[in-house]
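Input: a single structure, listed below in structure tokens.
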Amino acid sequence: MEQLRLLFNTKVLKQKHWRGDLSVATSNEKGVSPKQVMWSFPPQSWCKLNCDGASQGNLGKSGVGGLIRDSAGKVMVAFYEFLELNTSIYPELFVVYWGMQLALDLGLQKLKVEMDASTVLKIIDSTTRGNWKLQHDHSNQKTCRWK
């Protein structure tokens, strides 16, 4: 909460950037403590796909976006798209598929996938089709190697 207020007080974040009650942004209704997340470099000779999808409700306007970086952190490709009405899971599935397809198009052999949709990662993990193998790193990260 203090960091959010600091952003408002220093005019980095303006009221027009936040809709509704400011206290909602830092509420802790489920007893889960906020966790700071930082991007980390992939191992040497690997690339990393960071992606996310979102929808306004379980049937609403949706959008996706992501980027692929090399092991030095240099952005190789960035992508986004606004989608039609979709369920909440579709954009998450679509964005990881699109990102992995872009990685293949770039000729990448080793790719780490990071996203916040654990359901999608479980769906991917249960799939045995395809020309790639998944290995666990963290709960919200998968490591892919193409054969």
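The table that follows gives values for the structure above.
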{"read-out": "Full-extension gain in nm, TYR97 to ALA72, via 0.36 nm per residue minus C-alpha separation", "value": "6.6 nm"}
{"read-out": "The stretch 46-95: relative contact order in percent, alpha carbon pairs under 8 Å with at least 6 residues between", "value": "42 percent"}
{"read-out": "Area of LYS61 that stays accessible when all protein chains are in place (1.4 Å probe, Å², to 10)", "value": "140 Å²"}
{"read-out": "Theoretical FRET efficiency, 1/(1+(r/R0)^6), r = Cβ-Cβ of SER40 and TYR80, R0 22 Å, to 0.05", "value": "0.45"}
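The values are calculated or read from the model by the stated rules, or taken from the named source; none is laboratory data. As the structure is a prediction and not an experimental result, all values here were calculated from the model. All Cβ positions, even for glycine, are placed from backbone atoms using ideal geometry, and neighbour counts span all protein chains on display. Note: areas computed on protein heavy atoms with side chains; ligands, DNA, RNA excluded. Shrake-Rupley method; radii C 1.70, N 1.55, O 1.52, S 1.80 Å.
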